[in-house]
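To start, the structure under review is shown below, and the notes come after it.
Values quoted throughout were computed directly from the atomic coordinates according to the rules given, and no laboratory measurement underlies them. If you're wondering where the values come from, they're calculated on a predicted model, not measured in any experiment. All Cβ positions, even for glycine, are placed from backbone atoms using ideal geometry, and neighbour counts span all protein chains on display.
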Amino acid sequence: MLLDDIKKYNIILASQSPRRAELMRKLGLNFIQVKLPDTDESYPDNLDKNKIPAYIAQKKSAAYPQKLNDNDILITVDTIVWCNGEMFGKPKDRNDAFRMLKAISNNTHEVLTGVCLRSVKQIRNFAVTSTVHFKAFSDEEIKFYINNYQPYDKAGAYGIQEWTGYAGLIKIEGSYFNVMGLPTQNLYAELEMFINSCPYE
């Protein structure tokens, strides 16, 4: 069982996201949360959208400045929103947040999260996609959300666990937690395979 075996390891979540930390805790994992240095999040123009978040997550892993110990497992994550053939990361400013929220209004988009697991012996990447359907938001509703919540640290300028989700979510195909920024069930399964493939004694 993973929760027994994982006690041998020092899990490092290299992410500032409070939502990811909350989901890790609710998954029953003990970990330390650290901040990464600024990372270049560019990617090749011809990279398939399904590979972008895992590619960036691996770049974040490579940017981790500390040498890993034998029992360390480093976790890095990246989430993007794909809407109308365009990748939405975190909005640059208020106008950019409004543009993104206007685009996902009365529309369907994909949320893709890539995760990189790394130890001194191995590295493993995976990605998960969820499809999200939102109702139409009026301009006033979009401005209300921007004024009262924090869209600037979220891909696509919204948090599904915030007002936009409560008032506008029609349905999700796939993992809800993936839309929050961490596909918990997939992470749990991948961690189990990661540990079993190269156990620390």
**Request:** Per residue of region 162-172, in order, report the coupling 6.51 cos²θ - 1.76 cosθ + 1.60 (Karplus, θ = phi - 60°) as ³J(HN,Hα) in whole Hz, putting x for Gly and Pro.
**Result:** 9, 3, 4, x, 5, 8, x, 6, 8, 6, 10
**Set of lysines near Lys171 by C-alpha distance (under 19 Å), chain-local residues within fewer than 8 positions excluded** = Lys102, Lys135
**Asked** In region 2-197, with Lys and Arg counted as +1 and Asp and Glu as -1 at Cβ, which of these residues, Gln16, Ala167, Asn84, has the Cα nearest the positive end of the dipole, that is, farthest along it?
**Response** Gln16
**Message:** Here are a few candidate values for Rg and Dmax of the Cα atoms in Å: [x] 17.3, 58; [y] 19.1, 67; [z] 16.0, 46. Which one was actually calculated from the structure I just gave you?
**Reply:** [x]
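Is it possible to state the helix-based mean residue ellipticity at 222 nm for the chain, with each DSSP H run of 4+ residues giving -39500 (n - 2.57), the sum divided by total residues, to the nearest 500 deg cm²/dmol? What is it?
Details: 8 runs with 71 residues, N = 201.
Using -39500 (n - 2.57) per qualifying helix, the result is -10000 deg cm²/dmol.
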**Asked** Which whole-number percent is the relative contact order of region 2-197 (Cα, under 8 Å, 6+ apart)?
**Response** 22 percent
**Item:** Where only C-alpha atoms are counted, convex hull volume of region 26-126 per residue in Å³
**Value:** 142 Å³
**Asked** Just how far, in whole angstrom, is region 60-137 from region 8-27 if you go by their alpha carbon centroids?
**Response** 15 Å
**Request:** Hey, can you grab everything whose amide H is under 5 Å from the amide H of Val120? Only 5+ residues off in sequence or another chain; H modelled, so Pro and N-termini drop out.
**Result:** Asp72
**Prompt:** What lysines could a cross-link reach from Lys7, if we take a straight Cα to Cα line under 22 Å and drop same-chain neighbours fewer than 8 places away?
**Reply:** Lys26, Lys67, Lys121
